[in-house]
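Quick notes on the structure that follows.
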Amino acid sequence: MINDKNSQKIVDIIQNFARQHSIWVLAYGTGCGAIEIPPTMTSRYDAERLGVRGAATPRQADVLLITGYLTTKTLKRVIRVYEQMQDPKYVIGFGSCTINGGMYWDSYNTIKALDRYMPVDVYINGCMPRPESVLSGFAKLQELIQAGKADGAKKYKENLEWYRTNQKKVIPNWHMPEYNW
Amino acid sequence: MNMIYILFSLMFGGAILTFLAHKVSGLLRDILFVLTILASTVLFYTKIHTGDAVDFSISGLPLQWGINAYGRIFSLIVLGLGVMASFYSVSYMKGKERLGYFYFNFLISLISMMGILMSHDLVSFFIFWEMMTWSSYFIVIYNGKHVQRSGINYILFSALGAYAMLMAIVMVYAHTQSLMIQDMMQAFPFFPVAYKVWLPILFLTAFGVKAAMMPLHVWAPDAYSDSPMAYTSVFSGALSKMGIYGMIIVFVTMVNYLPDDTWFRETIAWLGAITAIMGTLWAIAQDDARKLLAWSSVAQLGYIITGVAVGTPLAMLSALFLSVMHALFKGTLFMAVGAIEKQTGTTKFNEVTGLIRKMPWTFISSLLAIIALAGIPPLGGFVGKWMLYESLINSNHYILVIAIFFASTSAFLYCYKFLFGFFLGQEEKEWEQVKEAPALMVLPMLIMATLLLVFGVFPGIVLNPIDLGMQTLGFSTTAGTFWSMSGLFNEWGNQVMLQPLVYAIGGTFLFFLILLTVKGFKETRYVTTKDISSSGEVPLEHENLTFSEGFYQPFLRAVWPVMKRRMMSYYQGFGQGMEAFFDYLRRVYSGNGQTYAIYVLVFVVILLLFKNSLFG
Amino acid sequence: MEEIKKAAIEKITTHFREVTAEQHNGNRVDFFIGKEEIPAILFYLKDEMGYNHLSHIACVDWLEEKEFEIVYIVWSYTDKIKIFVHTRVDRENPVMDNVDMIWRQANTYEREMKEMYGIEFTGLEAPEEFLLEDWEGPPPMRRDFDTEAYAREKYWERPGREDARDVRETIIERTGEELPDFAKKYKR
Amino acid sequence: MKEILYYTWGAIVSFVVAFSVGITYMGLNRKITARVQNRYGPPWYQNFIDVIKLSSKKTSIHHGVMQHMGPAFIMVTSVVSLLVIPILNGNKFFPNLNFQGDLIFLLYIMVFGPLGMALGAGQTGNPNSAIGVTRGLSQMAGFEIPWVMALVALMIQYKTTSIVDLMNVQVESGRWLMFSSPFAFLAAVMAMLGMFRYAPFDIVGAPQELASGPMSENGGKYLFVMMSAGSVFAFAKLTLYVDIFMGGADNLIILVVKTFALYLIPMLYGITSPRYRTEQSVRWFWGWPSFFGLLAILQAALF
């Protein structure tokens, strides 16, 4: 029954709807952006009405929210966390530091473009982005999920070699469990 | 020649032959050891029937050995556990020293337990009792100098018990001029009141020591944990049950006839409950598996004592059923600890973790045993607990049932600690080479664990013999009364409810297990225990993140007011006080002749002064 | 306050010969001393004068003078005085005695300085990596380390920022402020 | 054979009912919490979406057999308690396996699942899981005391250990046990606060310090089964309370009304409370709730 094309379509619609409206966020609070998450979640902006909710561990999370600059030391952990998340998973880059390095453009240990190392589905720019922009970022992600275009995880899986080369360039001492989905 | 003689000569002969064979060859000794127990078990169950008895006399004392249905319940424990433990110990003790000594004492303690069950007179009962004490004492101190202290504790308390029993026997003999237990039972209602009160107290002291009843339990944790694990399964599983065996006789024959017996029953029942609570709390605080299980044994015996003391037919039934179950699960658990000790060399929770994939069979058997210990359906422990609660509620023991329930709930804490400490947690590189224990050690555990499951689903298998035994003790048959009508165990063995519930449990479990397995089968993958979500940090190979220090610190902080007073310190205080007192008394014997002369003079003067009142 | 400061200076100068003192406003006193005397003076400050609290150990890179300046800042709870003890070490061969037997927490600062400036502390405990993980370049806080060039070489840069103005240029334009000499190097 | 089918049917129907009601309650909990915090909050069906999303997760990981079986263990508890607890008066529509002594059976089967899940959590090797489990077990040792006291009071007063008997008592006398044994009800409700693990007793899975505790390594299908089991179990517990103290229910609507009224207690208490440490919560349960339990026993013994 599942193999039938039409019913598969219906299942897909339902699943996409569920994925769209239930977004469990693992806020990886790097940099200064972490302070923008509490107002986003609490009474004033209330992200929970969009189905956005905090997840405590990567195993339960759908979205990895990277809130600011990433030093190479942190990048290693973030990659690790990303690989521990379960499919389907999405990444939101938050703040200009993740886009082009922001004010840390000449720092000796801060990466300047997150999407070289991880597949980013949505970028939210600004330094810092206000909660409104965070919410619009979530809305954009929902749009992408609905359209089936939020396929960062698939990209990561297919181009793992390329990502690994980039990652290993900035992280010389690579001792991590293999990621072989 | 009577079969009972043959049984005892077979066992004694086997023991001596095993001891001698040790000098010849290790293999011969092992074979003889196992064969002795196997042969006597077969002989006991095929040739000796309920009601068999032999009369004989030694220098004019008429003695009688025989077996009744009540003794048979306990012979089930002794011989069953004996057979399992014998196979186990052959493998466990391999390569250790003084094995002739160990096997000899092992066999002697089995013989003496059988002797206790088969003695129909108080003299042979006492002799076998002492044999049991001494043989087990010799095994407790088998491990060398560092366990001397536990051995001394054990033998001191046992001696206290033995004196109490001896005194009681003399009292009985003085009054009835007979040493038969049967005569004592019949004569008891006609004893003077002082006898009626003191006899049970004396006997209960003797039996309470063996059953590790509060406040006579202080020897038990040390002695259980310090003897070799192969014997501890028998020690805790069967030998402690001899105390229960005696206790039940005391309660059935004596306490029933006490003028106003409620205080007596209540006191012992409460002692049992306090034993259960304190044993549980102390078990939670332990960091060594052997100590944990030892305290847990004390706690479990507390339930049984409560059941015995409450004394309604259902309570008695539950106490006997729990005795059998306790022998099974505690035997399994001690054997599992022994297996781990053999394979890794340690029994501390914080030293060894993550053995589940290395020792799967040990894990499965200890899992089943732990579920039974915790009293979770569908395993055997639940049936016993259920009957205990029912009986307590039906006999209006409000607070007692809560005390028992508290002990039983808190038991989950140490149950989890046991399983988690050894088998779960992160797999360590240090224990990568650990292999499953030898088949001879695993098989007995597995058999006993399976029996727990079988007895949990078909409790009638055990309840029927127990019911027969209780009829010997004067209870009317319990089949067909309220509790068997309850729907849980209707008509022993043909349960109405328990089996559907077991099917429901099994069915649901299987259904969801299959669901979990089939759903996304290809996309499910096993990851090592190092691959955990700890903020993206990868633990290095030598880093072990397992949580094993201070496991129940918050809980222990909450119960600490109860635990800070230890019984042992009272005994130590008592001992020091006695030492000081005798030290003071010693001054009387100054060694000076003139002082002694003054003593004699004073004595004569006192005699003269009170001549009239003393001799008049 | 002034008396206490005077007394402290007097005590130190009589006790240690090659020390120069410098008074500042407020509760601060500076001493300049050779690097061999550092443990001695810190011991003296702690044990004899009650400067129990080590606030900080700082390092200044005097590139032009080819020296590192290490500053120990200690504080007395009773006197309420901050004492700065300055010393200089050779930049080519920066070796220093470690003082974690006086204050255990000195270890943290020393490890940081070892990583960031490359100063070797004799007998430093736990010498594995501290803040920088897998660092392969030169000590990054040294002034001759060109962080921009390093970042450009190591981290991929998103194109499109080349014509973006430096925030400092905006400041100069707006306020007419002159950039200090050392900062001119970084001007785009 | 016919009987097995009959009970299986009952199990499936009651499971579906319990699942939907339980999940709705969880969603309403989130909504009401949001309203109390002056937020708009998620829609009431949010937890349905969450469950569907969890079930549609493509990949999942496990650390070994015990973790794989953990959710199945906890499901056993939920389903078997549903089977044993009578859902409606007179077993209409939902055939149940209730029997004399089922209260004691329930007390023990209720820990079967948590213990199995605890074993699964232990196998993950995550220290947070084990810490959460020890906290959960300690807290359980706390709240079981007033809960058992309340039950023992009722059992002694009515000389029965069967839920159906207790329900019949209420139906015959026309008085809910909630009113005739108020202290037992108080103790039991206070114990219920711990059973639901909402604040102030949510230290078990405190996300801020333990990363959701025992569940921190479970995702995807495992979390899906656990969440479903949790909601089913929540409904089962509420039904048990309604059966014992509120006279059961004649039809589903009354049952839903009664259970929701009961559910409001832990929910509202939780929204307005901070969090207790483990030993604090254990001592809390051994304080006033146990005192009320003792009063209940006194009442049962004296009157």
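Derivation of every value follows stated rules applied to the coordinates shown; laboratory data play no part. Fair warning: this is a prediction, and the values are worked out from it, not measured in the lab. Ideal geometry is used to build each Cβ from the backbone, glycine not excepted, and the neighbour counts take in all protein chains shown.
The fraction of Cα-Cα pairs per 20 angstrom bin, counted from 0 for the protein assembly as shown, comes to 9, 31, 30, 20, 9, 1, 0 percent, rounded to whole percents.
For the stretch C:30-116, taking Cα atoms only, Rg and Dmax work out to 12.7, 40 Å respectively. Here chain B has an Rg and Dmax of 26.5, 104 Å, counting Cα atoms alone.
For B:Thr353, nonlocal amide neighbours, meaning residues 5 or more places apart or on other chains whose placed amide H falls under 5 Å from its own, are B:Glu428. Rounded to the nearest Hz, the phi-derived 3J(HN,Hα) couplings of the stretch B:121-134 under the Karplus curve 6.51 cos²θ - 1.76 cosθ + 1.60 (θ = phi - 60°) are 10, 6, 5, 5, 4, 5, 5, 5, 4, 5, 4, 5, 4, 5, where x marks glycine and proline.
For the stretch D:135-144, backbone phi angles converted through the Karplus equation (6.51, -1.76, 1.60; θ = phi - 60°) give residue-by-residue couplings of 5, x, 5, 4, 5, 5, 4, x, 7, 5 Hz, Gly and Pro being listed as x. Neighbours of B:Asn2, meaning other residues whose beta-carbon lies under 11 angstrom from its beta-carbon, give a summed charge of -1 when Lys and Arg score +1 and Asp and Glu score -1.
For D:Ser60, the residues 5 or more places off, or on other chains, whose built amide H falls under 5 Å of its own are B:Thr524, B:Arg525. Other chains near B:372-378: what is the mean number of their Cβ atoms within 10 Å of each residue's Cβ? Per residue, the number of nearby Cβ atoms from other chains is 4 on average. Listed by chain and number, the aspartates and glutamates whose alpha-carbon sits under 13 Å from that of B:Lys145, ignoring those within fewer than 8 places in the same chain, are B:Asp226.
Just checking the listed ones, D:Leu240, D:Leu252, D:Leu137: in the Gaussian network model of chain D with Cα springs under 10 Å, the one fluctuating most is D:Leu252. Distance from the alpha carbon centroid of the stretch B:155-206 to that of the stretch B:337-390 works out to 39 angstrom.
Computed from label points 7 Å out along Cα-Cβ, the spacing between B:Glu543 and D:Arg275 is 2.3 nm. All other residues whose Cβ lies under 9 angstrom from that of A:Lys76 are scored, Lys and Arg at +1 and Asp and Glu at -1, for a net of +1.
Here the calculated FRET efficiency for B:Ser476 and B:Val170, from their Cβ-Cβ distance with R0 = 30 Å, stands at 0.30, rounded to the nearest 0.05.
Per-residue 3J(HN,Hα) values for the stretch B:448-459, derived from phi via the Karplus relation 6.51 cos²θ - 1.76 cosθ + 1.60 with θ = phi - 60°, read 5, 5, 4, 4, 4, 5, 4, 5, x, 8, 10, x Hz in sequence order (x marks Gly and Pro). If the viscosity is 0.692 mPa s and the temperature 37 °C, what Stokes-Einstein diffusion coefficient in µm²/s follows for the stretch D:208-267 when Rh is the Kirkwood radius over Cα pairs? Roughly 248 µm²/s, to the nearest whole number. Extent along the principal axes, Cα only, for the stretch D:2-302: 55, 49, 40 Å, with the longest axis given first.
Given a Förster distance of 30 angstrom, what is the FRET efficiency for B:Ile514 paired with A:Asp12, based on the Cβ-Cβ distance and rounded to 0.05? E between B:Ile514 and A:Asp12, to the nearest 0.05, is 0.75. Summarising the strand pairing of the stretch A:20-170, around 5 percent of its internal DSSP beta bridges are antiparallel. The gain in end-to-end length when the B:Leu608 to B:Phe574 segment is fully stretched comes to 8.5 nm, 0.36 nm per residue minus the alpha carbon separation.
Based only on Cα atoms, what mean projected area does the convex hull of the stretch B:260-476 have, in nm²? For the Cα atoms of the stretch B:260-476, the hull's average projected area reads 11.8 nm². Taking the square roots of 5 times each eigenvalue of the Cα gyration tensor of the stretch C:2-52, largest first, gives ellipsoid semi-axes of 17, 13, 10 Å.
Annotation: amide H of A:Tyr90 within the under-5 Å range of A:Val63, A:Leu64, sequence separation 5 or more or interchain, hydrogens built in the peptide plane. What do you get for the angle between helix B:360-374 and the principal long axis of chain B? Use alpha-carbon atoms, 0 to 90 degrees, nearest ten. Around 50 degrees separate the two axes. Between D:Trp288 and B:Glu523, the simple label model (points 7 Å from Cα in the Cβ direction) yields a spacing of 4.8 nm. Pairs of lysines in the stretch B:194-349 whose Cα atoms sit within less than 13 Å of one another amount to 4, provided the residues are eight or more positions apart or on different chains.
For chain C, what percent of Cα pairs sit more than 31 Å apart? That fraction is 34 percent.
Hey, what angle do you get for helix D:220-245 against the long axis of chain D, alpha-carbon based, 0 to 90 degrees rounded to 10? Approximately 10 degrees, to the nearest ten. Bridgeable lysines around C:Lys11 (alpha carbons under 23 Å apart, same-chain partners fewer than 8 residues away excluded): C:Lys35, C:Lys46, C:Lys80, C:Lys82.
Partner lysines whose Cα lies under 22 Å from the Cα of D:Lys58, excluding those fewer than 8 positions away in the same chain, are identified as A:Lys5, A:Lys9, A:Lys89, A:Lys149, A:Lys154, A:Lys155, A:Lys157, B:Lys519, B:Lys522, D:Lys221.
This ranking places D:Met69, B:Met325 by how few other beta-carbon atoms lie within 10 Å of each, fewest first, which gives D:Met69, B:Met325. For the residues of D:152-161, the average number of beta carbons from a partner chain within 10 Å of their own beta carbon is 4. The modelled label-to-label distance between B:Lys435 and A:Ser136, using points 7 Å beyond Cα along the C-beta direction, is 6.8 nm.
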